[in-house]
Amino acid sequence: VKIKINQNANPTLLTNERTNDIKMVKKKGKSKRITLKDKYKVERRVTEAHRKSRKKAKRDTKAGIKRFDHKTRKDPGIPNSWPFKKELLNEIAQARDLAEKRKELQKLQRSRGDLVDDGGG
């Protein structure tokens, strides 16, 4: 396909000899150049915003406010059609209670200054 510039028409228009269609020339996008002053100003604002959000997160955790975390997913649970669902739920509850008792025991031993034994064998 041979493309030539039409001398009589607007210089931003191109014609195609084969179909005689007029096509617009694509304009160049805005330059991404930026002054160093503006670049460093943006960097400084970003670091300030990050610092501020970290401080807020730290304050929230001290205050006991739970923040939404995208990484943690909610457990979907056990479907009702699952065989032996009640037994499985009982096992999970027992394991949870055992872990809680073990944690309390470790806390008590730490407060007395004893060596901590996790019961791992």
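The values are calculated or read from the model by the stated rules, or taken from the named source; none is laboratory data. Not measured: the values here are computed from a predicted model. All Cβ positions, even for glycine, are placed from backbone atoms using ideal geometry, and neighbour counts span all protein chains on display. The accessibility values were calculated without ligands, DNA or RNA, using every heavy atom of the protein model including side chains. Shrake-Rupley method; radii C 1.70, N 1.55, O 1.52, S 1.80 Å.
Test Glu91 against the criterion of being at pLDDT 85 or above, open to solvent by 100 Å² or more (accessible area, probe 1.4 Å) and part of a helix (DSSP H, G or I), and give yes or no.
Yes, satisfied.
Can you tell me which residues in the range 51-80 are open to solvent by 100 Å² or more (accessible area, probe 1.4 Å) and not in a loop (DSSP other than H, G, I, E, B)?
Those that are open to solvent by 100 Å² or more (accessible area, probe 1.4 Å) and not in a loop (DSSP other than H, G, I, E, B): Arg51, Lys52, Arg54, Lys55, Lys56, Lys58, Arg59, Lys62.
Where residues in the range 18-50 are over 29 Å from the mean Cα position of the chain (by Cα) and surrounded by 10 or more Cβ atoms within 10 Å (Cβ to Cβ), which of them is modelled with the highest pLDDT?
Val25
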